[in-house]
Amino acid sequence: MKLVPQSAQPSPDGATPILDIRNVSLHFDEGRAKAVNGVDLRIAEGEFVAIDGPSGSGKSSLLNLIGALDVPTCGEIYFRGQPYSGIADMALFRSRHIGFVFQTFNLIPTLSALENVMIPVLGHSWSAARQRSKAASLLSGMGLADRLHCFPATLSGGERQRVAIARSMINDPGLILADEPTGSLDSVNAQQVLELLIGSREERQITLVMVTHDRSISARADRVIHMHDGRNESLGEGG
Amino acid sequence: MNLLSLALGNLRHRPARSSLTVSAIALGIAAVVALTTIAWGFEASWQKANDARGTDLIVTRTGSQNAMPSPFVGAALLDQLAHYPHVQEVAGLLSEMLSIGEQSPPIFVFGWAYGSYLWDHLKLLQGRWPADRNEPVAVLGVLAAEMLHKSIGDRIELEGQTLQVIGIFQSSALVENGAVLITLDRAQSITDKPNKVNVLNIKMDKTATEADASFVKEQVSKTLPGFAAITSGELVSRNTVVKIAKAMSHVTILIATLVGALVVFNTMLMSINERTREIGVLQALGWPRSRIMYMIICESAMLALLGGLIGIAVGILLAIGLEHTELMRGKIDAIFSIPFCLAVLGLSVFLGVGGGIYPARMAARLSPAQALRHE
């Protein structure tokens, strides 16, 4: 899928932002519940943005909108200048450009670590050998070279999340959306996972948008967005 | 890894439910296979018996719908039929299903015209054939001898008459192997149906053509009101018992199909309900709706395929078991055909796919965000 910039505004530095979110809202219950309420946000290529805020403030809902998992009630999101509303095949768009990392890992229990990483490219034009070698390489990069054929039930929480991070990168996405990726981990594993995520993002120059409650993680971000009652407040640079 | 192995893994992950679903499908398919092979076997056994005798046409009452048509006085008809062109021989036959002794299951008793061609195809294994038309003796098919535990010199009692067993024979037709054979005159005497026969068997000469057989049919139709000359196949197919057996097998196919599809439908709905979040993850990871549908349909088709294979195997075993029961032994030769088994397997997969379509569509229509929020 080739994205053709349409009407996104360039950044002050002239570059088209990877994400340009304009007055986006997500309402439920016929407008009585406003999960996201008029968010304006621009995220540059390669930026690490942390989104924090209290429970129910709309962090995950905003992440779902960015990930094209939900359709905004109003407003528009542009990905490299292309409006989401103009993308015919959102599944294909996600498979090409977005990687997801979830708090609860969301690995497929019937598949091995290697197969879980291969899931996003299953059915693609890639050969089986290419799928396998790319997945194995990513898992090796996550320190899981000896755990390729283990099933999620036999992996620790930290290992599972590392598998999930490898899975999010198999398509070489431009954007990774992480919803509290360390929220289910102990502090040691959380730190390891965070380092891997941030390290991979720097190495591959991926834009990372992460929902987190953890101030220490926010401190590592290029920018922190604070959500409150569905609205965003930029708190400036994180670390 | 491919979609098929993924689907298989999903089924193996829920062994109890998958096994129950496969079992339910297998039961339905087994019933279809067993009943159909028995119904076909019943039909084929009778046809085989008629064919083995070398009978070309059978004259019976027009309205008779029984495997053993209602008896009629045959002598006058026999004379008339014998004079038609290319008719080599006409032989009367009287059949009954009788119990031999109190403990015995009902068994076919055939009374054949003494010295007629009907006897020619039988192979005498032990003893001898009746010496004349009135000798109070019986010869037993090998299976009948085994079932009745009788051998040469023993006596059997038929409707109050005692007959000595003088021979054991073998036929290429199961129905005859399981029968007691006596002369027509003895059969008429035992059953108190003097001069009567169930059917008249016509054997055409070697030069006879299809047209000659058709001519005989037409003549019987024109000159013998209430009678018809038909082929053994036609006689069997108008048999009420065969018709009922076939109707039952068709109803079983219908019920098994509906139940199978509903079972698959229910299983896949439950599975999708449990895996809503997983489906949301797949959508988030970029799986198109078509791929999710394909995966679900693969799962339901696999359940049905496995159920079909097991069902066919169980159905065949069931049919073999049924044809060896005391009541059925020597009467039905179950027919197993590969095309039929493949058709049943196809039906099974069809109902699996049919039962999986709606759940698959439901899964594919889930909103990714809602699916991910599902607990």
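Test of understanding: extend the Cα→C-beta vector of residue B:17 to 7 Å, then name every residue of region B:253-281 with backbone N under 20 Å from that spot.
B:259-281
Choose one answer from B:206, B:331, B:217: the residue with the largest mean-square fluctuation in a GNM of chain B with alpha-carbon springs under 10 Å.
Highest fluctuation among the options: B:206.
Once label points are set 7 Å from the Cα along Cα→Cβ at both residue B:327 and residue B:159, what is their separation, rounded to one decimal in nm?
2.4 nm
Lys and Arg at +1, Asp and Glu at -1: add these up for the other residues within a Cβ distance under 15 Å of residue B:53 and post the number.
Here the charged neighbours net out to -2.
May I ask you to rank B:89, A:233 by accessible area, largest first, using a 1.4 Å probe over the protein chains only?
A:233, B:89
Set the Förster radius R0 to 35 Å, insert the Cβ-Cβ distance between residue B:103 and residue B:131 as r into 1/(1 + (r/R0)^6), and round the FRET efficiency to 0.05.
Computed FRET efficiency for residue B:103 and residue B:131: 0.70.
Mind grabbing the accessible area of residue B:298 for me, 1.4 Å probe, Å², rounded to tens?
Near enough 10 Å² of accessible area.
Beyond 29 Å between alpha-carbons counts as too far, so tell me which of B:193/B:217; B:196/B:222; B:222/B:331; B:123/B:243 fall in that bin.
Result: B:222/B:331; B:123/B:243 exceed 29 Å.
Go from 0 up to the bin containing the longest alpha carbon distance in region B:152-217, width 10 Å each, and give me the % of pairs per bin.
The percentages, shortest bin first, are 16, 32, 30, 16, 6.
Kindly sort B:294, A:84 by accessible area of their heavy atoms, largest first, with the probe set to 1.4 Å.
B:294, A:84
Looking only at the protein assembly as shown, where both bridge partners belong to it, what percent of the DSSP beta bridges are antiparallel (to the nearest 5)?
65 percent
Compute the helix-to-body angle for A:187-204: its Cα long axis versus the longest principal axis of chain A, expressed 0 to 90° and rounded to tens.
The angle comes out at about 80 degrees.
Rounded if a/c is under 1.5, else prolate if a/b is larger than b/c, else oblate: which is region A:115-239, with a ≥ b ≥ c the root eigenvalues of its Cα gyration tensor?
Because a/c hits 1.5 or more and a/b exceeds b/c, region A:115-239 counts as prolate.
Check every DSSP H run in chain B and write down those whose alpha carbon atoms cover 18 angstrom or more along the long axis and whose mean Kyte-Doolittle hydropathy is 0.0 or greater.
B:15-53, B:240-274, B:289-323, B:338-365
Answer with one residue from B:314, A:97, A:150: the one whose Cα lies farthest towards the positive end of the charge dipole of the protein assembly as shown, charges on Cβ with Lys, Arg +1 and Asp, Glu -1.
A:97
Residue farthest toward the positive end of the dipole of region B:194-293, with Cβ of Lys/Arg at +1 and Asp/Glu at -1: which of B:197, B:286, B:221?
So the residue furthest toward the plus end is B:286.
Which of rounded, prolate, oblate describes region B:255-375, given a ≥ b ≥ c as roots of the alpha-carbon gyration tensor eigenvalues and a/c under 1.5 marking rounded, otherwise prolate only if a/b is larger than b/c?
prolate
What does the charge count near residue B:293 come to, summing +1 for each Lys or Arg and -1 for each Asp or Glu among other residues with Cβ under 13 Å from its Cβ?
+3
With all protein chains present, calculate the accessible area of residue B:150 using a 1.4 Å probe and round the result to the nearest 10 Å².
Accessible area, nearest 10 Å²: 60 Å².
Cut-off 10 angstrom, C-alpha nodes, Gaussian network model of chain B. Which of B:102, B:234, B:157 fluctuates the most?
B:102
Provide the solvent-accessible area of residue B:97, counting protein heavy atoms only and rolling a 1.4 Å probe, rounded to the nearest 10 Å².
Per-residue accessible area (residue B:97): approximately 70 Å².
Taking the Cα centre as origin and putting +1 on Lys and Arg beta-carbons and -1 on Asp and Glu beta-carbons, what dipole magnitude results for chain B, to the nearest 20 debye?
Its charge dipole is roughly 1780 debye.
Using alpha carbon centroids, what distance separates region B:301-355 and region B:107-143, in Å?
So the two Cα centres are separated by 37 Å.
Which of B:23, B:351, B:245 sits farthest toward the positive end of the charge dipole of the protein assembly as shown, with +1 on the Cβ of Lys and Arg and -1 on the Cβ of Asp and Glu?
Of the listed residues, the answer is B:351.
Determine how many Å³ per residue the convex hull of the Cα atoms of region B:57-230 encloses.
Normalising the Cα hull of region B:57-230 by residue number yields 115 Å³.
In square nanometres, what is one fourth of the surface area of the convex hull spanned by the alpha carbons of the protein assembly as shown?
Dividing the Cα hull surface by four gives the mean projection, 40.3 nm².
Work out the length of the dipole vector of region B:57-230 about its Cα centre, built from +1 on the beta-carbon of each Lys and Arg and -1 on the beta-carbon of each Asp and Glu, and round it to the nearest 20 debye.
Approximately 140 debye in magnitude.
If you take every residue apart from residue B:82 with its C-beta less than 13 Å away from the C-beta of residue B:82, what net charge results, scoring Lys and Arg +1 and Asp and Glu -1?
It works out to a net charge of -2.
May I ask for the angle, rounded to the nearest 10°, between helix A:157-169 and the longest principal axis of chain A, with both axes built from Cα atoms and the value confined to 0 to 90°?
The angle comes out near 70 degrees.
Per residue of B:277-283, what is the mean number of Cβ atoms on other protein chains within 10 angstrom of that residue's Cβ?
5
Once you charge only the Cβ atoms, +1 for Lys and Arg and -1 for Asp and Glu, what is the size of the charge dipole of the protein assembly as shown about its Cα centre, to the nearest 20 debye?
The calculated dipole for the protein assembly as shown is roughly 560 debye.
The values are calculated or read from the model by the stated rules, or taken from the named source; none is laboratory data. Keep in mind it's a predicted model, so treat the numbers as computed, not measured. Note that each Cβ is placed from the backbone with ideal geometry, even for glycine, and that neighbours are counted across all protein chains shown. Surface accessibility is based on the protein's heavy atoms, side chains included, excluding ligands, DNA and RNA. Shrake-Rupley method; radii C 1.70, N 1.55, O 1.52, S 1.80 Å.
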